[in-house]
Amino acid sequence: MQAQQITPGAFHYPAFLDAAAQERLAQEIADVIAAAPLFTSRMPKSGLPMSVRMTNCGPLGWMSDKDRGYRYEPRHPETGAPWAPIPQMLLDIWDELTAYPKSPEACLVNVYAADAKMGLHQDRDEADVAAPILSLSLGADCRFRLGGRKRADKTTALTLSSGDALILSGPARLCFHGVDRILPSILTPLPAPLAGQGARVNLTLRRVT
Ligand SMILES: O=C(O)CCC(=O)C(=O)O
Ligand SMILES: [Fe+2]
C-alpha cells in the first residue's frame, strides 16, 4: 500500500479499502449506529451545535457539551449505555497501519451531511499523544485541511475520498486539521449499509489514556 507523506508524520493512503472492504466496514458502522444512535455535540461555553452528528465505539467515546466541553466518556450521553466494542476489522487496520503496541480505546464516528464541516482544531483530549490518530473515510469526497502545530501555521488542502486512510503521527500528531467542505459526489454515495445516514462518514481511531 502506497502512502503519500503530506507533512512529516502525516500519511495519506488513497483507496486503502477496496469496494468490498468499504461495504463490510459500512455494515459494521451501521451496527454501531443502531446500538448507539447518532447525537449532536455542542461547543463548550457557546453551546452551539456542531454540524456533524456522531457516535462512538470502544471503551471510551468522544463528545462535547456546553457545560463540560470536550471529553471522553465511557457511556452514550443520551442512552447511558456503554459503547459497543471496536469491530475487529478496525483493530486489524490499526495494527497494520500504525504498528502501535496498544489497541485504540476510542473510535469516533462522524457523520457529515452534505453541508456539514469541521473547523480547524487539534486532537488533544488524549493523554497519550505518542499514539497516532488513524482516520478512515467513506462516501463523499471532502476537502481536508492540514496545518501545523500552531493555528496560524501554513495549511495544505487534500481530498479525502471513500476508502482513504490518513494517519497523523509523530510530528503531525498535534497538527491542526479540519474539513472545509464536503465535495459534490454523485458518484460516491455511502456504501449501502449506511445509505440515508448522510453524505460522508469519517472514523478516527484513538488511543486515549
Ligand atoms: O472528518 C474528518 O476527516 C476529520 C475528523 C476529525 O478531525 C475529528 O473527528 O477530530
Ligand atoms: Fe480531529
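Of everything in the stretch 65-79, what is outside any strand (DSSP E or B) and either more than 14 Å from SER46 (Cβ to Cβ) or more than 21 Å from the chain's Cα centre (by Cα) (or both)? Give them in sequence order.
Answer for the stretch 65-79, where residues must be outside any strand (DSSP E or B) and either more than 14 Å from SER46 (Cβ to Cβ) or more than 21 Å from the chain's Cα centre (by Cα) (or both): LYS66, ASP67, ARG68, PRO74, HIS76, PRO77, GLU78, THR79.
Which of the residues spanning the stretch 37-57 are part of a loop (DSSP other than H, G, I, E, B) and either within 22 Å of PHE176 (Cβ to Cβ) or of a type outside the set (S, T, N, Q) (or both)? Those that are part of a loop (DSSP other than H, G, I, E, B) and either within 22 Å of PHE176 (Cβ to Cβ) or of a type outside the set (S, T, N, Q) (or both): PRO37, LEU38, SER41, MET43, PRO44, LYS45, SER46, GLY47, LEU48, MET50, SER51, VAL52. Note on the stretch 133-148: residues that are in contact with a Lys or Arg (Cβ under 9 Å, 6 or more places away or on another chain) and open to solvent by 10 Å² or more (accessible area, probe 1.4 Å) amount to 3.
Checking the condition touching a strand residue (DSSP E or B) at 6+ places or on another chain (Cβ under 7 Å), near ligand 1 (Cβ under 10 Å from one of its atoms) and modelled with pLDDT of 95 or more, which residue from LEU183, LEU160, LEU134 passes? Working first, answer last.
Details: LEU183 fails: near ligand 1 (Cβ under 10 Å from one of its atoms); LEU134 fails: near ligand 1 (Cβ under 10 Å from one of its atoms).
Only one candidate qualifies: LEU160.
All of LEU90, LEU108 fail the test of being in a strand (DSSP E or B), open to solvent by less than 40 Å² (accessible area, probe 1.4 Å) and at pLDDT 95 or above, apart from LEU108.
Among the residues of the stretch 113-123, count how many are touching a strand residue (DSSP E or B) at 6+ places or on another chain (Cβ under 7 Å) and within 13 Å of ligand 2 (Cβ to nearest atom). Outline the logic, then answer.
The first filter runs over the stretch 113-123 and keeps only residues touching a strand residue (DSSP E or B) at 6+ places or on another chain (Cβ under 7 Å), leaving 114, 116-121, 123.
Those left that are additionally within 13 Å of ligand 2 (Cβ to nearest atom): 117-121, 123.
Number satisfying all stated conditions: 6.
Per the conditions (1) open to solvent by less than 70 Å² (accessible area, probe 1.4 Å); (2) out of contact with any Pro (no Cβ under 9 Å at 6 or more places or on another chain), the sole criterion not satisfied by LEU97 is (2).
If only one of ALA26, ALA34, ALA21, ALA84 is out of contact with any Phe, Trp or Tyr (no Cβ under 6 Å at 6 or more places or on another chain), at negative phi and part of a loop (DSSP other than H, G, I, E, B), which one is it?
Testing whether each residue is out of contact with any Phe, Trp or Tyr (no Cβ under 6 Å at 6 or more places or on another chain), at negative phi and part of a loop (DSSP other than H, G, I, E, B) leaves just ALA84.
Look at the stretch 1-18: where a residue is more than 13 Å from LEU97 (Cα to Cα) and a partner is at pLDDT 95 or above and aliphatic (A, V, I, L, M), sitting 6+ places away or on another chain with Cβ atoms under 8 Å, you get ILE6/LEU146; ILE6/LEU158; ILE6/ALA172; THR7/LEU146; THR7/ALA172; PRO8/ALA172.
Screening ARG151 with (1) in contact with a strand residue (DSSP E or B) (Cβ under 7 Å, 6 or more places away or on another chain); (2) surrounded by 13 or more Cβ atoms within 10 Å (Cβ to Cβ); (3) assigned to a loop (DSSP other than H, G, I, E, B) gives one miss only, at (2).
The values are calculated or read from the model by the stated rules, or taken from the named source; none is laboratory data. Everything numeric here is computed off the predicted structure, so don't read it as measured data. Because the Cβ atoms are built from the backbone with ideal geometry, glycine has one as well, and the counts that use them run over all protein chains shown. Ligands, DNA and RNA are excluded from the accessible area calculation, which covers all protein heavy atoms including side chains. Shrake-Rupley method; radii C 1.70, N 1.55, O 1.52, S 1.80 Å.
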